[in-house]
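The values are calculated or read from the model by the stated rules, or taken from the named source; none is laboratory data. Since the model is a prediction, treat every value here as computed from it, not as a measurement. Because the Cβ atoms are built from the backbone with ideal geometry, glycine has one as well, and the counts that use them run over all protein chains shown.
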Amino acid sequence: MFNIGFPELILILVVALLVVGPSKLPELARSMGKAFGQFRRMADDVRDSIDYEIDTADKEPERKEDHPPQGEEGKSDEPKET
């Protein structure tokens with residue numbers, strides 16, 4: 001995903017260990033993992049809702065705009081021409 005190899009990953013972990021400290025590193029990793037999981041769930045929800053809207057928009061029949069709306073009992077609201 002980020003094209004990070006093993007040496008780069010080790011370097012990131014060493015820098016994080018120096019900056020955060022050994023006692024806080026597991027807590028930081030746990031909270032970062034939870035945040036990343038929550039972000040992925042939210043992204044999946046957004047993707048699912050967009051897919052749902054696209055699918056329902058494709059399935060709706062097209063409305064015909066050339067026919068005027070009908071009034072009560074199937075009569076048109078416009079007066080009839082004689």
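Is it the case that Arg41 is over 15 Å from the mean Cα position of the chain (by Cα), modelled with pLDDT of 90 or more and assigned to a helix (DSSP H, G or I)? Criteria not met by Arg41. Of all residue pairs spaced 6 or more apart or on separate chains, none has beta-carbon atoms under 7 Å together with a first member in the stretch 33-58 that is on the phi > 0 side of the Ramachandran plot and a second member that is in a helix (DSSP H, G or I) and among the aromatic types (Phe, Trp, Tyr).
Within this structure, Pro22 fails the test of being assigned to a helix (DSSP H, G or I), without any contact (Cβ under 8 Å) to a residue 60 or more places away in the chain and of a type outside the set (S, T, N, Q). In this structure, does Phe6 turn out to be at pLDDT 90 or above, exposed (fewer than 11 other Cβ atoms within 10 Å of the Cβ) and hydrophobic (A, V, I, L, M, F, W, C)? Answer is no for this residue.
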